[in-house]
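Worksheet: one structure, shown below.
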Amino acid sequence: MAIQTIPTKPFAGQRPGTSGLRKKVSVFTQAHYLENFVQALLDVLNASGADAQALTGQTLVLGGDGRFYNRAAVQIILKLASANGVARVLLGRGGILSTPAVSAVIRRRQAFGGIVLSASHNPGGPAGDFGIKYNAGNGGPANEALTEAVYARTQVLRELRISDAPDIDIDRQGLQQFEQMQVDVIDPVADYAAVMRELFDFDLLRTMFQRGFTVRVDAMNAVGGPYARAILEGELGAPAGTVVNAEPLEDFGGLHPDPNPVNAEDLIAHMQQLDAPDFGAAMDGDADRNMVVGRNFVVTPSDSLALMTAHARLIPGYKDGLTGVARSMPTSAAVDRVAKALNLPCFETPTGWKFFGNLLDAGRVSLCGEESYGTGSSHVREKDGLWAILFWLSLQGATDRSVEALVREHWRVYGRNYYSRHDYEGIAVDVANVLMRDLRAALPFLPGRQFGVRQLVLADDFAYTDPVDGSVSGQQGIRLIFDDGARVIFRLSGTGTEGATLRLYLERFEADVALQDEPVQKVLAELATLADQVAGIRARTGMEGPTVAT
Ligand code: G16
């Protein structure tokens with residue numbers, strides 16, 4: 001066994017997107033593709049600046065969502081890590097760790113950082129997607145400075161340092177020696193479950209299940225299954241079968257593990273039946289996203305964040321109140337209304353969980369959320385699907401009210417932010433870029449224009465100055481804001497792997513309780529037409545409407 005130095009050539013396009021590097025499996029399995037990216041990452045971490053420690057001699061956490069290529073990628077990364085001076089790797093058994101679990105393990109064990117193997121909600125299998133991202137010592141996604149440095153390194157990389165040691169047994173828990181590096185194969189659930197026990201009243205949840213409260217959690221054949229089973233069925237006494245699609249499969253059993261009403265239609269159908277469970281929820285590929293569903297009632301992620309903020313004090317982990325809240329810019333402003341009423345600071349960040357990291361580290365926010373079915377808190381530095389499920393269960397236990405009753409009461413008090421996201425997928429990249437370029441060029445001429453009953457009061461390209469480190473991120477989405485508070489936002493997705501996806505976010509506020517029960521798409525149709533009028537989506541893409549509306 002020896003450390004080899006192997007020549008390599010840079011690949012174009014290894015720039016991480018909204019959340020790490022995501023590509024088709026066929027791209028990742030090209031000779032040296034994964035190796036190059038990981039070598040670049042390790043080089044950057046080993047060259048950390050004067051005030052930062054280098055990786056050599058440190059501990060890294062490693063695990064993924066179990067999708068196709070996960071197991072092979074783990075072996076490759078171990079060989080690179082050992083040859084690049086890593087002292088110890090904490091590896092989830094079977095190569096499995098959910099994204100929030102990686103964050104929990106990094107934090108609890110004070111690791112240097114961690115590598116997550118996941119393309120999140122993107123489909124898996126040999127024809128699907130694979131992904132890799134790095135989380136720093138705070139447990140959160142690497143910031144843009146680091147991801148850019150890794151990208152720059154990939155462009156000049158000429159050599160790999162890699163061990164030729166044989167594969168290790170990743171299914172055997174415990175310590176194994178790998179060259180001069182130790183690999184500690186750990187239970188993927190234990191650290192995460194310990195964090196959940198600190199936040200929630202498990203006795204209350206146990207009592208709910210004893211009294212016959214029924215739940216259906218759809219893990220979508222992805223990594224959330226083992227976590228939900230261990231905690232809900234194992235510890236809290238929910239009946240077996242509460243968690244469905246609970247076995248992580250390499251191709252997610254053909255499901256698209258994105259917990260929204262379109263892709264989790266089976267859950268929606270179950271929650272519409274007469275004998276539906278009291279509560280339903282789904283998680284995505286790496287278990288950081290969640291969708292909350294009551295009986296015949298779907299909660300939008302933006303509303304979920306607003307309700308969590310309003311009721312946080314009912315949950316033991318947040319009983320002393322929140323320091324502040326944050327949402328991504330395209331997320332509805334429902335939470336802003338709660339924050340105002342509770343006199344809490346409320347931050348608006350660009351899309352991407354990484355932008356919450358500084359605010360959480362500085363103690364300026366305790367809860368954060370995004371329209372893309374993500375909610376989380378300061379307990380880790382990632383969004384967290386099962387945490388959100390336990391939060392909503394606890395909320396129902398503490399108030400003895402159903403999901404629907406809680407949301408309707410919320411709308412009555414704060415008003416309803418009607419909200420929808422329209423995705424136009426698979427657009428030619430140049431068409432999408434020209435659309436955004438033309439929109440940007442039109443921005444100066446839009447304010448003051450009348451669109452039906454509304455006047456446009458602000459048109460800009462969202463830019464964010466991080467209040468903690470002062471870094472500036474520009475071109476984060478085009479916002480059209482109207483005099484009645486309605487918003488239309490245009491962004492290109494940073495997580496897709498084929499062509500471009502245009503995301504159109506529509507929002508309108510309704511204070512009148514009598515008007516809060518209208519079909520969402522009907523209420524927002526006028527804004528969708530207006531968006532098309534301004535951006536020429538149909539004419540440019542040739543598409544009659546969005547491929548997915550959630
Ligand atoms: C990632 C990011 C989220 C973001 C989402 C959608 O989620 O972590 O912050 O909201 O992508 O991003 P985009 O609109 O650019 O596609 P995940 O669950 O895919 O890691």
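Just so it is clear, none of the values below were taken in a lab; they were calculated from the coordinates. What you see is a predicted model, and the numbers here were worked out from it, not measured in a lab. Glycine also receives a Cβ, built like all others from the backbone with ideal geometry; neighbour counts cover every protein chain displayed.
Using a simple spin-label model with pseudo-atoms 7 Å out from Cα toward Cβ, A269 and A31 lie 4.7 nm apart.
Starting from 0.36 nm per residue, how many nanometres of slack lie between Q180 and A525 once their C-alpha separation is accounted for? Can you show the working numbers first?
Values: separation 345, 0.36 × 345 = 124.20 nm, distance 6.17 nm.
Contour length minus Cα-Cα distance gives 118.0 nm.
Quick check: from the Cα gyration tensor, does segment 3-188 come out rounded (a/c under 1.5), prolate or oblate? Rounded is the answer for segment 3-188, as its axis ratio a/c remains below 1.5. Under 37 °C and 0.692 mPa s, how fast does segment 344-387 diffuse according to Stokes-Einstein, given a Kirkwood radius computed over C-alpha pairs? Answer in µm²/s, whole number. Result for D is 312 µm²/s. Three principal axis extents describe the C-alpha atoms of segment 473-534; from largest down they are 42, 23, 22 Å.
Dipole of the chain, Cα-centred, from +1 at each Lys and Arg C-beta and -1 at each Asp and Glu C-beta, to the nearest 20 debye?
So the dipole magnitude of the chain works out to roughly 720 debye.
The dipole here belongs to segment 192-414: it is taken about the Cα centre, uses +1 on the Cβ of Lys and Arg and -1 on the Cβ of Asp and Glu, and is about 860 debye.
Amide H contacts of F451: L456, each under 5 Å away and 5 or more positions distant or on a separate chain (H built 1.01 Å from N in the peptide plane; Pro and chain starts excluded).
Computed from label points 7 Å out along Cα-Cβ, the spacing between F11 and E235 is 3.8 nm. So if R0 is 56 Å, what FRET efficiency would L458 and D164 give, r being the distance between their Cβ atoms, rounded to the nearest 0.05? Plugging the Cβ-Cβ distance into 1/(1 + (r/R0)^6) gives 0.40. For segment 35-132, the direction-averaged projected area of the alpha-carbon convex hull comes to 6.2 nm².
Modelled this way, with points 7 Å down the Cα-to-C-beta line, the labels at R109 and A511 are 5.3 nm from one another. Which of rounded, prolate, oblate describes the chain, given a ≥ b ≥ c as roots of the alpha-carbon gyration tensor eigenvalues and a/c under 1.5 marking rounded, otherwise prolate only if a/b is larger than b/c? Cα axes put the chain in the oblate bin. Straight-line reach from K354: which lysines have a Cα under 30 Å away, not including same-chain ones fewer than 8 places off? Once the sequence-local lysines are set aside, what remains near K354 is K9, K23, K24, K79, K133, K319, K340, K383. Peptides 126-132, 338-344 ranked from most to least packed, by the mean per-residue count of other Cβ atoms within 10 Å: 126-132, 338-344.
Run the dipole for segment 88-190 about the Cα centre, Lys and Arg Cβ at +1, Asp and Glu Cβ at -1, nothing else charged, and hand back the magnitude in debye, nearest 20.
Values: 10 positive and 11 negative charges, 69 e Å.
Dipole size: approximately 340 debye.
Phi angles of segment 300-309 translate, via the Karplus equation with coefficients 6.51, -1.76, 1.60 and θ = phi - 60°, into HN-Hα couplings of 6, x, 5, 5, 4, 4, 5, 5, 4, 5 Hz per residue; Gly and Pro are given as x. Helical runs assigned H by DSSP (4 residues or longer) give the chain a calculated mean residue ellipticity at 222 nm of -9000 deg cm²/dmol, each run adding -39500 (n - 2.57) before division by the residue total. Taken along its principal axes, the alpha carbon cloud of segment 160-309 reaches lengths of 58, 35, 31 Å, longest axis first.
Answer rounded, prolate or oblate for segment 346-467, using the Cα gyration tensor with square roots of eigenvalues a ≥ b ≥ c: rounded when a/c is under 1.5, else prolate when a/b is larger than b/c, else oblate. Write down the numbers at each step before the final one.
Details: a/c = 2.04, a/b = 1.55, b/c = 1.32.
It comes out prolate by the Cα gyration axes.
Of all DSSP bridge pairs formed entirely within the chain, close to 70 percent run antiparallel. Label reach from F213 (point 7 Å along Cα→C-beta): in segment 262-283, amide nitrogens under 15 Å belong to 277-281.
Given segment 192-414, what whole percent of its Cα pairs are spread farther than 24 Å? It would help to have the intermediate numbers written out before the result.
Working: 9265 of 24753 pairs.
Summing the P(r) of segment 192-414 above 24 Å gives 37 percent of all pairs.
A cut-off of 5 Å between modelled amide H atoms, ignoring neighbours fewer than 5 places along the same chain, links V61 with L90, G113, G114, I115.
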